[in-house]
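Taking it in order: structure first as structure tokens, then the write-up.
Read the figures in this text as sums done on the coordinates, not as results from a lab. The structure presented is a predicted model; accordingly, all values stated were derived computationally and were not measured. Because the Cβ atoms are built from the backbone with ideal geometry, glycine has one as well, and the counts that use them run over all protein chains shown.
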Ligand SMILES: Nc1ncnc2c1ncn2[C@@H]1O[C@H](COP(=O)(O)OP(=O)(O)O)[C@@H](O)[C@H]1O
Ligand SMILES: [Mg+2]
């Protein structure tokens with residue numbers, strides 16, 4: 001993995017909102033087929049980091065490379081091409097509540113006109129099966145589903161277009177521990193089956209241990225530690241130690257304002 | 001000391017002015033981008049159709065009710081006034097001109113702003129705060145094209161149709177009061193309604209309607225699109241959408257009237 005060029009490479013990534021600095025020089029590599037999990041407290045800018053990679057937010061400075069190609073400041077045609085490599089599971093699932101489940105899953109395929117509506121439906125049913133949902137679920141509206149089911153549908157939607165890189169934004173937050181573990185297993189299974197590269201963010205350590213090859217910790221706008229998942233318990237980094245043991249006392253200062 | 005006081009006064013004024021300029025700039029860019037997406041493919045006929053039904057069909061009851069009462073009250077009020085100089089005969093003309101040129105589009109515009117503009121801001125605002133708009137982008141769909149353009153197209157095209165129907169209902173309201181309450185001869189009343197009506201009266205009203213339709217949907221989409229901060233932000237967006245659309249309708253109404261007046 002060290003010799004091949006990384007799937008995603010972030011260098012000195014900066015992002016501010018007005019005079020509020022959120023990302024202050026993030027450096028991170030995600031190798032091909034690798035699963036990297038970024039941990040960090042709430043409001044440290046984990047979601048912002050992913051949204052910068054997806055160009056949902058404009059970056060304030062630095063470099064983002066995908067497959068060795070610089071993607072900061074590219075035109076909209078190139079951006080469309082790059083974004084086709086990506087699938088994204090949003091924190092709150094972000095399902096379209098005006099559409100039935102199957103159209104949610106097949107949305108990207110229909111938008112790119114890769115398939116007809118009837119083919120799209122078949123693909124959607126297949127993807128739903130991959131996340132353990134029956135075809136009947138396809139006709140329900142997202143609002144009729146429980147949070148765990150919504151997460152599964154969102155996962156099916158994220159993988160529907162067979163992306164090379166999948167982003168998971170707090171995939172287990174708000175789920176009960178059993179459902180959280182089901183989602184973790186699905187993420188591991190699906191990324192392995194697809195051979196996809198995964199970049200996840202979470203503050204759920206059990207989840208991170210389960211899905212990550214490598215873990216990175218984001219604190220005060222920088223990656224302060226990165227290492228193999230097995231090393232997380234003896235990182236020798238006081239910030240990481242405080243975070244994984246959930247101690248109130250330690251070097252990490254809690255931000256009062258979000 | 002004096003200069004310090006002057007600073008204290010000038011600072012907030014400057015800040016408000018800058019915020020105003022920023023808003024105007026953002027709105028202009030939003031409008032330009034939305035319009036350009038209205039004319040460039042891909043189009044979303046299903047969504048345009050759904051929005052057209054929402055604006056044109058489901059607004060009919062409120063707009064119809066507003067129009068009929070406006071027509072009725074107009075007949076009654078103008079009778080009170082006109083009887084004082086024995087010009088009762090002109091009531092039919094007054095009703096039809098007021099409705100087609102002015103009250104039809106303005107009242108329909110205000111009602112639709114409250115109904116449709118608010119709903120649009122709430123829907124798009126919810127999609128913003130629940131990241132559904134971000135999700136659209138990641139699924140190869142431009143949210144301006146998918147959410148905003150269809151609504152603008154539906155607003156531009158359906159409002160004139162809605163107002164045309166409202167015109168007919170409003171004139172009918174005036175007719176009912178004129179004939180059944182004020183005792184005009186039915187044929188006579190209708191005759192006077194037609195005789196003095198010119199195509200320009202109706203057309204100017206329909207042009208206004210189209211502009212109002214644009215304003216309503218633009219404000220609904222703009223405020224929804226830029227809402228932030230959860231449920232409260234969506235509520236604020238909804239209020240702004242209705243208030244700004246109403247003010248813009250009334251002020252652009254004057255400008256449009258003057259443009260038509262000059263002819
Ligand atoms: N669109 C935005 N405008 C202004 N501030 C934002 C925006 N998005 C996020 N932020 C701020 O950036 C910080 C990081 O947010 P986020 O990335 O969502 O945190 P988390 O690590 O919990 O995912 C927060 O303080 C948040 O208030
Ligand atoms: Mg987050």
Original post:
In chain A, if every C-alpha pair distance is counted and binned at 5 Å from zero, what percent goes to each bin?
Top reply: 1, 6, 13, 17, 19, 17, 13, 9, 4, 1, 0, 0
**OP:** Using a Förster distance of 30 angstrom, determine the FRET efficiency expected from the C-beta separation of residue B:247 and residue A:67, and round it to 0.05.
**Re:** 0.05
Original post:
In whole Å and largest first, what semi-axes does the C-alpha gyration tensor of segment A:86-162 yield when each eigenvalue is scaled by 5 and square-rooted?
Top reply: 17, 13, 11
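Seen from all sides and averaged, what is the projected area of the convex hull of the Cα atoms in segment B:210-263, in nm²? Intermediate values should be presented prior to the final figure.
Values: hull surface 14.1 nm².
Projected area, direction-averaged: 3.5 nm².
Expressed in nm to one decimal, what extension gain is obtained for the pair residue A:253 and residue A:213 from 0.36 nm per residue of sequence separation less their Cα-Cα distance?
Details: separation 40, 0.36 × 40 = 14.40 nm, distance 2.77 nm.
Extra length from residue A:253 to residue A:213 when fully extended: 11.6 nm.
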Original post:
Want the number for residue B:36 to residue B:62: 0.36 nm per residue separation, take away the alpha-carbon distance, what's left?
Top reply: 6.2 nm
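What translational D, rounded to a whole number of µm²/s, comes out for segment B:43-261 from Stokes-Einstein when the hydrodynamic radius is the Kirkwood one over Cα pairs, at 4 °C and 1.567 mPa s? Mind dumping the intermediate values first?
Working: Rh = 18.3 Å.
Calculated translational D: 71 µm²/s.
Is the shape of segment B:1-67 rounded, prolate or oblate, going by the alpha carbon gyration tensor and its root eigenvalues a ≥ b ≥ c, with a/c under 1.5 for rounded and a/b larger than b/c for prolate?
Numbers: a/c = 7.12, a/b = 2.13, b/c = 3.35.
Here segment B:1-67 falls in the oblate category.
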Subject >> Mean shadow area of segment A:124-168, taken as a quarter of the surface of its Cα convex hull (nm²) >> reply: 3.2
Original post:
Measuring from label point to label point, each 7 Å out along Cα→Cβ, what is the residue A:19 to residue B:26 span in nm?
Top reply: 1.9
**OP:** Label segment B:1-125 by shape, choosing from rounded, prolate and oblate, from the square roots a ≥ b ≥ c of the eigenvalues of the Cα gyration tensor; if a/c is under 1.5 it is rounded, and otherwise prolate applies when a/b is larger than b/c, oblate when it is not.
**Re:** oblate
Subject >> Using a Förster distance of 25 Å, the FRET efficiency for residue B:231-residue A:97 (Cβ separation, nearest 0.05) >> reply: 0.95
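By its C-alpha gyration tensor, with a ≥ b ≥ c as the square roots of the eigenvalues, how is segment A:37-96 shaped: rounded for a/c under 1.5, else prolate for a/b larger than b/c, else oblate?
Working: a/c = 2.02, a/b = 1.34, b/c = 1.51.
Note, shape of segment A:37-96 comes out oblate.
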Subject >> Using alpha-carbon coordinates, inclination of helix B:149-176 to the longest axis of chain B, degrees >> reply: 20
**OP:** Counting only DSSP beta bridges with both residues in chain A, tell me the antiparallel percent, nearest 5.
**Re:** 55
**OP:** For the protein assembly as shown, divide the Cα radius of gyration by the Kirkwood radius and give the resulting Rg/Rh value with two decimals.
**Re:** 1.10
Subject >> Spin-label model distance (nm) - residue A:4 vs residue A:234, 7 Å beyond Cα toward Cβ >> reply: 3.1
Subject >> Neighbouring partner chain Cβ atoms per residue of A:25-36, average, 10 Å criterion >> reply: 0
Subject >> For segment A:25-172: Kirkwood Rh in Å [reciprocal of mean 1/r, alpha carbons] >> reply: 16.5
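In peptide A:93-100, what is the residue-averaged number of other protein chain Cβ atoms found within 10 Å of each Cβ?
Numbers: counts 4, 9, 3, 6, 5, 5, 0, 0.
What the average comes to for A:93-100 is 4.
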Original post:
With each run of n ≥ 4 DSSP H residues scored as -39500 (n - 2.57), what mean residue ellipticity at 222 nm is computed for chain A after dividing by its residue count and rounding to the nearest 500 deg cm²/dmol?
Top reply: -9500 deg cm²/dmol
Original post:
Efficiency by 1/(1 + (r/R0)^6): what FRET value for residue A:178 and residue B:239, r their Cβ-Cβ distance, R0 = 30 Å, to the nearest 0.05?
Top reply: 0.10
Original post:
In nm, to one decimal, how far is the residue B:181 label point from the residue B:19 one, both placed 7 Å along Cα→Cβ?
Top reply: 4.6
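Counting only DSSP beta bridges with both residues in the protein assembly as shown, tell me the antiparallel percent, nearest 5.
Working: 21 of 39 bridges.
In the protein assembly as shown, approximately 55 percent of DSSP beta bridges are antiparallel ones.
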